[in-house]
Amino acid sequence: MSAADRADDLSMNETPYPPLPVLREVVQDGAALLNRYPDRLSGALTAGLARHLDVDPGTIIVGPGSAGLLQLMVQAFGPKPEVVHAALSFEGYPLIARNAGATSVAVPMDGHRHDLSAMADAVTDRTRCVLVCNPNNPTGSVLHRDELTAFLERVPADVPVVIDEAYRHFVTDRGVPDAVDLHRSHPNVCVLRTFSKAYGLAALRVGYAVVPPGLAMAIRMMGIVFLTGSLGQAAALRALEPDVTAELERRCAAVVEARTKLAADLRGLGITVAPSETNFLWLPLGDKAAGFAEAAARAGILVAAMPDRGVRVTIGSDEANARFLDFVRSLDR
């Protein structure tokens, strides 16, 4: 099969590993009850997450992936008209804000990182909530404990701050705080996480949030219908068990090792690579980004291009990473 016939998809930030066998078994066993509605409150998973995180079950919200859950949260935070976020962050944020009847206030970045001082300046009496992606998608950058704490001290206590930690499992920088700890000390902090990335359950669409008790009911009422299926709930609950967690940690460590190697190899080829604490790399190619992505697609490799900004490349299998490097070597730079 030629490279043109084979598509290595390095655009979606999926794990390169297949589902763990024990999680496949859970899904297969659950298929016997496909004729039954799921638990709309995700009671068992909520209790399991509360034990896992050592938080009150009343602060846990389970939803259809972190992006779907964030949509419900931003709707529930209404009616103020503005949502503040970094300008080069998760591409879904502006759409989520618009779907919730709000205006997106995109604050320019400080290089590859959130400019938290400017974001705090952008918060006004019109601000519905603030979205902070840590680590950031697509640039891979992280924010540290001291700067996040200083930022939270500047944001009014009645403005929810959502810290999106979809990629937390790939972080090795010890200066990056666990946002659940920030939630405990700041009454407006909401933490958003997903089972789609490190846990490898993307097709089942399970995300969760830890929110202040005063906001929890409003968010639940937004998602009162059956949003998270039984198979996803069961697989996510099983994924919290120590034996599965240990294997997932090994897989994440392998991704980090591959990330470090791929970044070094790309830099050796003269490609600028932003520091990353995620399962992807950001190549700030500027106006060359679209052409790079098109050339990669012709070579059978899919990457995510942000025109005039850069390209995001997911860490794939060893074979996919090697093919991507071969493609970069073939470019006439």
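Would you pick out the residues in the stretch 271-307 that are more than 19 Å from H112 (Cα to Cα) and of a type outside the set (A, V, I, L, M, F, W, C)?
Scanning the stretch 271-307 gives G291, E294, R298, G300.
Taking the stretch 55-77 on its own, how many of its residues are assigned to a helix (DSSP H, G or I) and of a type in the set (A, V, I, L, M)?
The number of residues fulfilling the criteria is 7.
Do we find a residue being over 29 Å from L53 (Cα atoms) and either of a type outside the set (S, T, Y) or assigned to a loop (DSSP other than H, G, I, E, B) (or both) anywhere in the stretch 237-254?
No, every residue in the stretch 237-254 fails to be over 29 Å from L53 (Cα atoms) and either of a type outside the set (S, T, Y) or assigned to a loop (DSSP other than H, G, I, E, B) (or both).
Given the conditions (1) more than 20 Å from R193 (Cβ to Cβ); (2) free of Cβ contacts under 8 Å to residues at least 24 places away in the same chain, report the number of the one that I271 does not fulfil.
I271 satisfies every listed condition except (2).
I need a count of the residues in the stretch 255-294 that are outside any helix (DSSP H, G or I) and on the phi > 0 side of the Ramachandran plot.
1
Would you check if L269 is surrounded by fewer than 18 Cβ atoms within 10 Å (Cβ to Cβ) and in contact with a helix residue (DSSP H, G or I) (Cβ under 7 Å, 6 or more places away or on another chain)?
When the stated conditions are applied, L269 passes them.
What number of residues in the stretch 75-98 are crowded, with 22+ Cβ neighbours inside 10 Å and without any contact (Cβ under 8 Å) to a residue 60 or more places away in the chain?
Qualifying residue count, the stretch 75-98: 8.
Go through the residues of the stretch 100-111 one by one and say whether even a single one is under 18 Å from V189 (Cβ atoms) and charged (D, E, K, R).
no
Which residues, taken from the stretch 72-116, are over 23 Å from G310 (Cβ atoms) and either small (G, A, S) or touching a Pro at 6+ places or on another chain (Cβ under 7 Å) (or both)?
A76, F77, G78, A100, G101, A102, T103
Considering the stretch 31-45 alone, what residues qualify as being touching a strand residue (DSSP E or B) at 6+ places or on another chain (Cβ under 6 Å) and either under 16 Å from M222 (Cβ atoms) or in a loop (DSSP other than H, G, I, E, B) (or both)?
The answer is S42, and nothing else.
Condition check ((1) in a helix (DSSP H, G or I); (2) at pLDDT 95 or above; (3) under 28 Å from A234 (Cβ atoms)) across all residues:
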| position | (1), (2), (3) |
| --- | --- |
| L88 | no, yes, no |
| A106 | no, yes, no |
| C129 | no, yes, no |
| N137 | no, yes, yes |
| L152 | yes, yes, no |
| P156 | no, yes, no |
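Looking at this structure, is S196 in contact with a Gly (Cβ under 7 Å, 6 or more places away or on another chain), under 20 Å from T278 (Cα atoms) and in contact (Cβ under 8 Å) with a residue 12 or more places away in the chain?
In short, yes.
Got at least one residue in the stretch 242-252 being among the small types (G, A, S) and touching a residue at least 12 places away in the same chain (Cβ under 8 Å)?
Among the residues of the stretch 242-252, not one is among the small types (G, A, S) and touching a residue at least 12 places away in the same chain (Cβ under 8 Å), which makes the answer no.
Mind checking whether some residue in the stretch 58-73 is surrounded by fewer than 19 Cβ atoms within 10 Å (Cβ to Cβ) and touching an Asp or Glu at 6+ places or on another chain (Cβ under 7 Å)?
No, every residue in the stretch 58-73 fails to be surrounded by fewer than 19 Cβ atoms within 10 Å (Cβ to Cβ) and touching an Asp or Glu at 6+ places or on another chain (Cβ under 7 Å).
How many residues are in a loop (DSSP other than H, G, I, E, B) and touching a strand residue (DSSP E or B) at 6+ places or on another chain (Cβ under 7 Å) when one looks only at the stretch 213-233?
Of the residues in the stretch 213-233, 3 are in a loop (DSSP other than H, G, I, E, B) and touching a strand residue (DSSP E or B) at 6+ places or on another chain (Cβ under 7 Å).
Residue under question is A166, and the condition is that it be assigned to a loop (DSSP other than H, G, I, E, B), touching a strand residue (DSSP E or B) at 6+ places or on another chain (Cβ under 9 Å), assigned by TED's automatic domain parsing to the domain that holds M222 and surrounded by 19 or more Cβ atoms within 10 Å (Cβ to Cβ); does it hold?
Here the answer is yes, as A166 does meet what is asked.
Would it be correct to say that V176 is hydrophobic (A, V, I, L, M, F, W, C), part of a loop (DSSP other than H, G, I, E, B) and outside the structural domain of E257 (by TED's automatic domain parsing)?
When the stated conditions are applied, V176 passes them.
Does R250 qualify as being outside the structural domain of T46 (by TED's automatic domain parsing), exposed (fewer than 15 other Cβ atoms within 10 Å of the Cβ) and within 23 Å of H169 (Cα to Cα)?
yes
Kindly indicate which of R220, R184 is among the basic types (K, R) and modelled with pLDDT under 95.
R220
The values are calculated or read from the model by the stated rules, or taken from the named source; none is laboratory data. What you are looking at is a predicted structure, and each value in this text was computed from that prediction instead of being measured. Virtual Cβ from ideal backbone geometry, glycine too; neighbours counted across all protein chains shown.
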